[in-house]
Amino acid sequence: MSRIEELLEQRSVLVEMASVMYGDMYVTDENFWKSSIERDMFEIESELMDLGYEEEGITPEIELAALLLFDVLKKGGLIPDEEEEDEEI
């Protein structure tokens, strides 16, 4: 088994753990962020990128999760409104 395959297997286990602990849309749960699972996922993703691994494509589920995450972050004030950005320029 290659290192990339090992990392993908570890990531899969972490995704399952996050889903059980925080729900299927765990990225929208603020308790997920800064958790040990999130930190481990970040380390795995970083190593995968260092090894040159690229995802094959974005699934509809991933796209939905990204949109939901964006909405949560924007409502939480972590992403400024476009109007606010224009005023700063």
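A compact table of results
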{"read-out": "Test result for E56, more than 15 Å from E9 (Cα to Cα), assigned to a loop (DSSP other than H, G, I, E, B), open to solvent by 100 Å² or more (accessible area, probe 1.4 Å) and not aliphatic (A, V, I, L, M)", "value": "yes"}
{"read-out": "Which numbered condition A66 fails, given (1) open to solvent by less than 50 Å² (accessible area, probe 1.4 Å); (2) outside any loop (DSSP other than H, G, I, E, B); (3) among the hydrophobic types (A, V, I, L, M, F, W, C)", "value": "(1)"}
{"read-out": "Residue check, S19 under 30 Å from K75 (Cα atoms) and touching a helix residue (DSSP H, G or I) at 6+ places or on another chain (Cβ under 7 Å)", "value": "yes"}
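The values are calculated or read from the model by the stated rules, or taken from the named source; none is laboratory data. Please read all numbers here as calculations on a predicted model, not as lab measurements. With ideal geometry, Cβ positions are generated from the backbone for all residues, glycine too; neighbour counts draw on all protein chains shown. To get the accessible areas, we keep the full protein, side chains included, count just its heavy atoms, and leave off ligands, DNA and RNA. Shrake-Rupley method; radii C 1.70, N 1.55, O 1.52, S 1.80 Å.
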